[in-house]
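Report on the following structure.
The values are calculated or read from the model by the stated rules, or taken from the named source; none is laboratory data. For clarity, every value in this text was computed on a predicted model and none was experimentally measured. Glycine gets a Cβ as well: all are built from the backbone with ideal geometry, and neighbour counts include every protein chain shown. What goes into the accessible areas is simple: the full protein's heavy atoms, side chains included, and nothing from ligands, DNA or RNA. Shrake-Rupley method; radii C 1.70, N 1.55, O 1.52, S 1.80 Å.
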Amino acid sequence: MTTSRIPGFYNLTLDQRLATLADASHLSQGELIPFTSPLAPDIASHMVENVIGTYSLPLGIALNFTVNRRDVLIPMVIEEPSVVAGASFMAKLARAGGGFTATSTEPLMIGQLQVLGLEDLSKAAEQVLANKAELLAYVDAAESSLKSRGGGARDLEVRLIEESPIGKFLVIHLIYDVRDAMGANAVNTACERLAPKIESITGGRAHLRILSNLTDRRMAKATCVIPVKELAFVGQIGNLSYTGEEVRNGIIAAYAFAAADPYRAATHNKGIMNGVDPVVIATGNDWRAIEAGAHAYAARSGKYASLSTWSKDENGNLLGELEMPLAVGIVGGATKVHPAAQAAIKLMNVKSAGELAEIIVSVGLAQNMAALRALATEGIQRGHMSLHARQVAIAAGASGELIERVASQIAAEGIVRIDRAKEILKTMESGK
Ligand code: MEV
């Protein structure tokens, strides 16, 4: 039985953390090795072109998460300080309210065909719809591993684009169930197979044949209720302290800003993606696709806005909700070939792509709350500073125990700059 509650994890050495993680999860230390070993160059060179090496990023474990009443230890790959800690802390608060409740839709992707050279769009659209059953059967007649897993073509839709820089054209959407794959390859293959049939039915020319990253048929949603008393906050600066009600109202006001203003919404949603992307990356999924879908969805009303909502429930508790497109897979692509991605999926013990999406959307919500709570109280910088100070100390040349000593001093002085870190390091090294 996995527990995501590991008090004091932060204070352990790297080796102790691995041993503790093995104890807290259903994985052995051996199964965790992919997290600590670099990607083998021969695997890397089969993944992309012109490989000369690999590039590492920190992998941290987000703690305290319970998603749909199941404890889950969540690997996050990210270079930014405070994100793993922020998500873990908010998950602890959410735990007090039962954790995250998450759902996901069927894994339906959209493939698009742009049909050019048509005189009468409506007539062509009718012809396509009249042949729908036959066209779907034709797409499904091709051998595919997805079909054997229960996926395949589900529907065809038509969209008439009356105005564009090149005039009018027809767009056909192929709705395709990709089961546990991210599905880009399957959908693109299906679109290319469909294209000649569409051409012969409509008399037009199928130009682009490619999936849409606005995967609004493949959504994930998380909610959490944070008991208001859990929100009481004592800051690190001076004697700042806030009641739970004040923090709750501050978070709701911060959300209102993002709901009303695209400039703020972009940053608010970036905070959500701080939680989402690291898990997407850890599992070998395509984070550019997820980013593209999230931001396009955030602008679906015609005005870019917040992806999440924050309000209070009838008991005065804080209620958070995040719903976004999340096309992630647990089979195929990098998830299949990258040993650390496989270990990440194993660690979370997810059995379907939907379950993975439910965890990811929960982390996005937790991370959003971490940012809003900091912003609505003592500000973001204080929390960021101590970890940022360590990075600055390393950049200034500190190593070993000097990292911590230099970092503490520049943080205490409030001058978190490389030039100051170098001066302090010099003094420390010379033993003065
Ligand atoms: C920083 O990486 C993310 C934040 O800017 C998010 C936000 O403002 O909500 C803190």
Exactly one condition in (1) more than 20 Å from residue 212 (Cα to Cα); (2) open to solvent by 50 Å² or more (accessible area, probe 1.4 Å); (3) at pLDDT below 95 is not met by residue 333; state its number. (1)
Would you mind stating whether residue 91 is farther than 30 Å from residue 167 by Cα, in a strand (DSSP E or B), small (Gly, Ala, Ser) and touching a strand residue (DSSP E or B) at 6+ places or on another chain (Cβ under 9 Å)? no
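Give region 85-101 a look and list any residue that's aromatic (Phe, Trp, Tyr) and open to solvent by 60 Å² or more (accessible area, probe 1.4 Å), or say none. Break it down stepwise before answering.
First pass over region 85-101, keeping only residues aromatic (Phe, Trp, Tyr): 89, 100.
89 - this is the single residue of region 85-101 that is aromatic (Phe, Trp, Tyr) and open to solvent by 60 Å² or more (accessible area, probe 1.4 Å).
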Scanning region 340-389 residue by residue, those outside any helix (DSSP H, G or I) and more than 12 Å from the ligand (Cβ to nearest atom) turn out to be 349, 350, 351, 352, 377, 378
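Taking the stated definitions as given, is residue 406 over 30 Å from residue 68 (Cα atoms), β-branched (Val, Ile, Thr) and more than 16 Å from the ligand (Cβ to nearest atom)? Spell out the reasoning first.
Details: over 30 Å from residue 68 (Cα atoms): yes; β-branched (Val, Ile, Thr): yes; more than 16 Å from the ligand (Cβ to nearest atom): yes.
So residue 406 fits the description; yes.
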In region 24-58, anything surrounded by 11 or more Cβ atoms within 10 Å (Cβ to Cβ) and acidic (Asp, Glu) is listed as 31
Within region 221-273, which residues are β-branched (Val, Ile, Thr) and either within 13 Å of the ligand (Cβ to nearest atom) or farther than 17 Å from residue 312 by Cβ (or both)? 234, 237, 251, 267, 272
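Residues that are aliphatic (A, V, I, L, M) and either at pLDDT below 95 or not in a helix (DSSP H, G or I) (or both): does region 238-259 have at least one? Write out each step before concluding.
So the first thing to find is which residues in region 238-259 are aliphatic (A, V, I, L, M), and the list is 240, 247, 251-254, 256, 258-259.
Now narrow it down to the ones that are either at pLDDT below 95 or not in a helix (DSSP H, G or I) (or both): 240.
Within region 238-259, one or more residues are aliphatic (A, V, I, L, M) and either at pLDDT below 95 or not in a helix (DSSP H, G or I) (or both).
With the condition kept exactly as written, say whether any residue in region 306-316 is in contact with a Gly (Cβ under 9 Å, 6 or more places away or on another chain), within 30 Å of residue 106 (Cβ to Cβ) and either modelled with pLDDT under 95 or outside the structural domain of residue 63 (by TED's automatic domain parsing) (or both). Break it down stepwise before answering.
We begin by selecting, within region 306-316, every residue in contact with a Gly (Cβ under 9 Å, 6 or more places away or on another chain); these are 307-311, 316.
When the remaining residues are screened for being within 30 Å of residue 106 (Cβ to Cβ), the result is 307-311.
Then keep just the ones that are either modelled with pLDDT under 95 or outside the structural domain of residue 63 (by TED's automatic domain parsing) (or both); that gives none.
The answer is no; no qualifying residue exists.
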Candidate set from region 114-159 (those that are of a type in the set (D, E, K, R) and in a loop (DSSP other than H, G, I, E, B)); member that is nearest to residue 332 (Cα to Cα): 149
